[in-house]
Amino acid sequence: MADEIKKTPEEETPDSSKKVDTKEEKLLTQEQFDKALKERLERERNKILKETEAKIKEVQAESERMAKLSAEEKEKELTAKNNEELKAREREIAIRENRLDAKEMFEKAKVPSDLVNYVVTDNKDETLENAETFVKTFNDAVAKAVAEQLKGNPPKDVTVNSTDNKSKKVVTAF
């Protein structure tokens with residue numbers, strides 16, 4: 001009988017045949033980490049040095065150019081530069097004022113004030129015109145959407161066709 005009993009190979013179960021694939025995380029040694037960190041810091045340091053050197057050269061070139069100019073030319077150039085800065089500031093102030101005016105108009109019309117930026121320009125008349133158009137269009141769109149949502153069939157009166165006494169009692173109870 002011992003001869004008749006044969007060892008059968010172990011049958012694989014569905015769970016044992018599947019291998020769980022796990023990604024091994026690459027762990028760095030302290031030396032590898034330090035090396036990578038030093039390389040990264042060195043790259044950033046070189047980048048910043050190049051940028052500052054370029055700025056220094058730009059400023060030096062500008063100062064040399066200004067040194068070669070006569071007093072009148074220097075004054076004209078400084079005046080032109082100041083005028084440009086003044087115009088930029090005036091434009092920023094005008095935009096800020098127009099934004100406030102448009103926001104006030106939006107609040108009166110109960111339009112979300114975060115939409116103000118879509119109508120603001122540096123020209124006051126144009127901003128107010130844009131705001132009026134936007135408010136009108138917004139309100140029309142809201143009214144149209146509300147009408148669309150409210151559209152439908154009116155409820156049927158169940159008491160008219162009902163012959164059942166119980167349903168009449170329930171309906172009249174409310």
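Observations on the structure shown:
- Residue count, segment 125-141 (criterion: within 29 Å of Lys87 (Cβ to Cβ) and surrounded by 14 or more Cβ atoms within 10 Å (Cβ to Cβ)): 6
- Residue match in segment 42-65 (condition: among the polar types (S, T, N, Q) and in contact with a Ser or Thr (Cβ under 9 Å, 6 or more places away or on another chain)): no
- Going through (1) part of a helix (DSSP H, G or I); (2) of a type in the set (S, T, N, Q); (3) modelled with pLDDT under 95 one by one, Thr22 falls short only on (1).
- Failed item, numbered, when Arg99 is tested on (1) exposed (fewer than 14 other Cβ atoms within 10 Å of the Cβ); (2) modelled with pLDDT of 75 or more: (1)
- Among the candidates Asn98, Asn83, Asn130, residue that is in contact with a Lys or Arg (Cβ under 7 Å, 6 or more places away or on another chain) and assigned to a helix (DSSP H, G or I): Asn98
- Residue among Lys35, Lys68 that alone is surrounded by 10 or more Cβ atoms within 10 Å (Cβ to Cβ), over 30 Å from Ala143 (Cα atoms), out of contact with any helix residue (DSSP H, G or I) (no Cβ under 6 Å at 6 or more places or on another chain) and of a type outside the set (Ser, Thr, Tyr): Lys35
The values are calculated or read from the model by the stated rules, or taken from the named source; none is laboratory data. Worth saying up front: this structure is predicted, and the values here are computed from it rather than measured. Every residue, glycine as well, gets a Cβ built from its backbone with ideal geometry; the counts of neighbours run over all protein chains shown.
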